[in-house]
Amino acid sequence: MPADGMSSLSRGGLTDIQQQARDARVIVIGNEKGGAGKSTVSIHLSVALLCIGRKVGVIDLDVRQRSLTRYLENRTRWMQNTGAKLPMPEIVRVEASQDRDLDKAEAEESQRFLTSLARLKRECDFIIIDAPGGDTFLSRLAHMQADTLITPLNDSFVDFDLLGDVNPQTLDVLRPSFYSEMVWTCRKKKAQTSRRPIDWVVMRNRMSPLAARNKERVGGALENLSRRIGFRLAPGLSERVIYRELFPAGLTLLDLTESSSNVAFTMSHKAARQELRDLLIVLQLPELAGVEITF
Ligand SMILES: Nc1ncnc2c1ncn2[C@@H]1O[C@H](COP(=O)(O)OP(=O)(O)O)[C@@H](O)[C@H]1O
Ligand SMILES: [Mg+2]
């Protein structure tokens with residue numbers, strides 16, 4: 001009998017072994033810059049994991065914009081209006097504290113976040129956290145919990161600048177910048193309390209077929225930086241209007257079937273799905289090892 005006097009079967013009907021097995025992988029989608037594609041990647045990755053039969057919990061930490069929450073509200077409304085049955089993640093809101101004392105506010109937010117996370121970890125296979133576009137206390141806390149960190153990055157040196165400072169001629173990395181330093185700190189802190197290191201994956205977003213030279217230069221600089229500060233590179237997503245169009249209906253590329261949407265499925269959408277599939281493969285989530293991707 002455990003020390004707390006509860007039998008191993010009595011906690012919410014789950015055995016201790018099942019609870020351990022359900023120690024969900026935490027995937028944080030983070031980048032200090034707004035507009036990099038965090039919420040778009042969050043919703044698509046959530047639905048991708050749901051499509052392959054995994055239980056997914058989401059935490060929208062962008063308490064100002066709440067794009068992911070809005071996306072999922074639109075999805076619920078779409079289902080109500082059309083009768084379509086779409087996979088839905090478990091959604092958790094973490095409200096910002098109203099306390100004017102900064103220390104107390106941080107303690108309160110921290111407790112709210114960690115309690116929600118602990119509950120989702122027991123109930124889900126994957127937890128997707130959409131981090132805010134800024135260096136906030138909650139964002140740092142979330143990064144420290146990440147098993148996988150995905151950083152979407154617009155294909156531009158303006159966005160690259162948050163990761164590293166480059167020599168414009170040689171594209172050598174002169175020094176890591178704010179966001180990389182922050183991730184470095186979070187990696188160190190996580191290593192003190194957990195044996196799961198943060199697997200950091202940087203993916204390019206909104207890549208344009210027209211800007212080939214820029215694409216090549218940003219790509220070269222990212223390769224240099226990935227070696228210098230230790231992240232992996234994912235091929236990323238192209239610029240496609242469909243990502244912007246689907247928001248009001250709360251749909252993703254993976255929902256575009258005859259029965260659940262009124263959007264015609266095109267070759268561009270097929271290519272976009274392939275990009276999502278490739279992203280999932282490059283993430284190398286250990287929980288999906290050997291699993292067939294069925295979308
Ligand atoms: N691959 C893409 N192609 C076209 N538009 C995109 C793509 N990814 C994101 N967007 C659009 O860019 C804007 C910012 O994306 P969003 O996911 O909200 O970024 P963040 O959450 O990092 O602020 C949104 O209007 C979104 O629809
Ligand atoms: Mg967002």
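Restricting the stretch 26-63 to residues that are touching a Ser or Thr at 6+ places or on another chain (Cβ under 7 Å) and closer than 15 Å to residue 201 by Cα, which is farthest from ligand 1 (Cβ to nearest atom)? Ranking the qualifying residues of the stretch 26-63, first place goes to 27. For the stretch 236-276, residues that are in contact (Cβ under 8 Å) with a residue 40 or more places away in the chain and assigned to a helix (DSSP H, G or I) total 9. Taken as a whole, the structure places residue 62 among residues that are within 15 Å of ligand 2 (Cβ to nearest atom) and outside any helix (DSSP H, G or I). The single residue among 107, 48 that is under 23 Å from residue 280 (Cβ atoms) and either among the aliphatic types (A, V, I, L, M) or not in a loop (DSSP other than H, G, I, E, B) (or both) turns out to be 48. Could you go through the stretch 54-63 and let me know if any residue there is farther than 21 Å from residue 283 by Cβ and either crowded, with 16+ Cβ neighbours inside 10 Å or touching an Asp or Glu at 6+ places or on another chain (Cβ under 8 Å) (or both). Yes: one or more hits. Considered as a group, the residues in the stretch 129-151 that are small (Gly, Ala, Ser) and either within 12 Å of ligand 1 (Cβ to nearest atom) or over 15 Å from residue 57 (Cα atoms) (or both) include one that is surrounded by the fewest Cβ atoms within 10 Å (Cβ to Cβ), and that residue is 134. Restricting the first member to the stretch 187-206 and to residues that are more than 18 Å from residue 32 (Cα to Cα), and the second to residues that are part of a loop (DSSP other than H, G, I, E, B), the beta-carbon pairs closer than 6 Å and six or more apart or on different chains are 190/198; 196/147. Of all the listed residues (138, 120, 149), the sole one being in a helix (DSSP H, G or I), at pLDDT 95 or above and not small (Gly, Ala, Ser) is 120.
The values are calculated or read from the model by the stated rules, or taken from the named source; none is laboratory data. These figures come from a predicted structure and were not determined experimentally. Note that each Cβ is placed from the backbone with ideal geometry, even for glycine, and that neighbours are counted across all protein chains shown.
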